[in-house]
Amino acid sequence: MARHARYDRTTALEKAIGLFWAKGYHGSSMKQIEQALDMRPGSIYATFGSKDGLFSEALAAYAEQSGRELAKHIDGFDSIVEGLQNYLRGIARGCGNVDTAPSRACLVVKTLLESSNTHPALAAQANSILAAIEQTIAELLERAKANGELVQSVDSSRLARLLQAQIMGLRSMGERQLGSEAIAELGNDMAAILDGYRTQH
């Protein structure tokens, strides 16, 4: 029975992520949450405590999944830098495709912006996730530097912050629906930032 309960919780969180991803915290009513999760109000409150509890757990699960996806992506490349560049271009492709749902990490940024003045705890959680993502990128850059892919003078933490700012900006630009070609060009320009720090062979 416990195994079945965990599966149900995981499924519910995946459905919650999809709803919050599309509509945000304030745009998701309890009625919509009930319908999306196919759960009665009492079951939702018994399982997650509150709407805030559900959102917080969904945000954490989503961030964990995004981290696994990044790690798996980088492992598919012999070069960490090339893996990161491909990852950046992939984000651009996702943002430029108006037929797909918004990019996953948009949920984190959306939460930070939406809840800063209304739900400080959720804003703090989103900020913590973004800090962790920045740290992960910095660690990848440090590995690339140790591998001789990047010049030794590069400040990995500073470059990671720059890349995260670019990613957040790109996702905001995606909301403008500029078209896939324009967004793809931005992705290429972001990837080119790393070329400026690569060692010459």
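Restricting to the range 31-63, name every residue that is surrounded by fewer than 12 Cβ atoms within 10 Å (Cβ to Cβ) and assigned to a helix (DSSP H, G or I).
Taking the range 31-63 first, the residues surrounded by fewer than 12 Cβ atoms within 10 Å (Cβ to Cβ) are 31, 38, 40-42, 46, 50.
Of everything in the range 31-63, those that are surrounded by fewer than 12 Cβ atoms within 10 Å (Cβ to Cβ) and assigned to a helix (DSSP H, G or I) turn out to be LYS31, PRO41, GLY42, ALA46.
Of all residues being among the hydrophobic types (A, V, I, L, M, F, W, C) and surrounded by 16 or more Cβ atoms within 10 Å (Cβ to Cβ) in the range 142-158, which is farthest from LEU84 (Cα to Cα)? Just the residue, please. Lay out the reasoning, then the answer.
Filtering the range 142-158 down to residues among the hydrophobic types (A, V, I, L, M, F, W, C) leaves 144, 146, 150-151, 154.
Within this subset, residues satisfying the condition of being surrounded by 16 or more Cβ atoms within 10 Å (Cβ to Cβ) are 144, 150, 154.
Details: ALA144: 10, LEU150: 13, VAL154: 16 Å.
The residue in question is VAL154.
When the residues of the range 173-201 are narrowed to those that are modelled with pLDDT under 90 and surrounded by fewer than 13 Cβ atoms within 10 Å (Cβ to Cβ), which ends up farthest from ALA22 (Cα to Cα)?
Looking at the filtered set, the residue picked out is HIS201.
Testing LEU70 on (1) modelled with pLDDT under 95; (2) in contact with a His (Cβ under 7 Å, 6 or more places away or on another chain), one condition comes back false. Which one is that?
Exception for LEU70: condition (2).
If I filter the range 80-96 for residues that are charged (D, E, K, R), touching a Ser or Thr at 6+ places or on another chain (Cβ under 9 Å) and part of a helix (DSSP H, G or I), do I get at least one hit?
Kept after step one, since they are charged (D, E, K, R), are these residues of the range 80-96: 82, 89, 93.
Narrowing further to those that are touching a Ser or Thr at 6+ places or on another chain (Cβ under 9 Å): 93.
Filter once more, keeping what is part of a helix (DSSP H, G or I): 93.
Looking through the range 80-96, at least one residue is charged (D, E, K, R), touching a Ser or Thr at 6+ places or on another chain (Cβ under 9 Å) and part of a helix (DSSP H, G or I).
Starting from the range 21-47, keep only residues that are under 22 Å from GLN65 (Cβ atoms) and touching a residue at least 12 places away in the same chain (Cβ under 8 Å), then list their pairs with residues that are acidic (Asp, Glu) and not in a helix (DSSP H, G or I) whose Cβ atoms are within a distance under 9 Å, requiring at least 6 positions of separation or different chains.
none
Suppose we keep only residues that are of a type outside the set (Val, Ile, Thr) and within 17 Å of THR111 (Cα to Cα) within the range 159-172. Which one would you say is surrounded by the fewest Cβ atoms within 10 Å (Cβ to Cβ)?
Step one: list which residues in the range 159-172 are of a type outside the set (Val, Ile, Thr), which gives 159-166, 168-172.
Filter once more, keeping what is within 17 Å of THR111 (Cα to Cα): 164-165, 168-172.
Values: GLN164: 18, ALA165: 11, MET168: 17, GLY169: 13, LEU170: 21, ARG171: 22, SER172: 13.
Looking at the filtered set, the residue picked out is ALA165.
A quick yes/no check of all residues on (1) free of Cβ contacts under 8 Å to residues at least 24 places away in the same chain; (2) β-branched (Val, Ile, Thr); (3) within 27 Å of THR199 (Cβ to Cβ); (4) in a loop (DSSP other than H, G, I, E, B):
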residue	(1), (2), (3), (4)
LEU112	yes, no, no, no
ALA126	no, no, no, no
THR136	no, yes, yes, no
ALA165	yes, no, yes, no
ILE183	no, yes, no, no
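If you check LEU178, LEU194, which single one turns out to be over 15 Å from GLY94 (Cα atoms), within 23 Å of the chain's Cα centre (by Cα) and in contact (Cβ under 8 Å) with a residue 40 or more places away in the chain?
Values: LEU178 fails: over 15 Å from GLY94 (Cα atoms).
Among LEU178, LEU194, only LEU194 is over 15 Å from GLY94 (Cα atoms), within 23 Å of the chain's Cα centre (by Cα) and in contact (Cβ under 8 Å) with a residue 40 or more places away in the chain.
Has the range 100-107 got at least one residue that is free of Cβ contacts under 8 Å to residues at least 60 places away in the same chain, touching a helix residue (DSSP H, G or I) at 6+ places or on another chain (Cβ under 7 Å) and part of a helix (DSSP H, G or I)?
As a first pass, look at the range 100-107 and keep what is free of Cβ contacts under 8 Å to residues at least 60 places away in the same chain: 100.
Then keep just the ones that are touching a helix residue (DSSP H, G or I) at 6+ places or on another chain (Cβ under 7 Å); that gives 100.
Those still in the list that are part of a helix (DSSP H, G or I) too: none.
No, the range 100-107 contains no residue that is free of Cβ contacts under 8 Å to residues at least 60 places away in the same chain, touching a helix residue (DSSP H, G or I) at 6+ places or on another chain (Cβ under 7 Å) and part of a helix (DSSP H, G or I).
Would a scan of the range 140-157 turn up a residue that is out of contact with any His (no Cβ under 6 Å at 6 or more places or on another chain), in contact (Cβ under 8 Å) with a residue 12 or more places away in the chain, β-branched (Val, Ile, Thr) and under 27 Å from ILE17 (Cα atoms)?
Looking only at the range 140-157, we keep the residues that are out of contact with any His (no Cβ under 6 Å at 6 or more places or on another chain), and these are 140-157.
The next check asks that each one be in contact (Cβ under 8 Å) with a residue 12 or more places away in the chain; those that pass are 140-144, 147-151, 154, 156-157.
Next cut, β-branched (Val, Ile, Thr) only: 151, 154.
Narrowing the set further to residues that are under 27 Å from ILE17 (Cα atoms) leaves none.
No, the conditions are met nowhere in the range 140-157.
The values are calculated or read from the model by the stated rules, or taken from the named source; none is laboratory data. Since the model is a prediction, treat every value here as computed from it, not as a measurement. We place every Cβ from the backbone using ideal geometry, glycine too, and count neighbours over all the protein chains shown.
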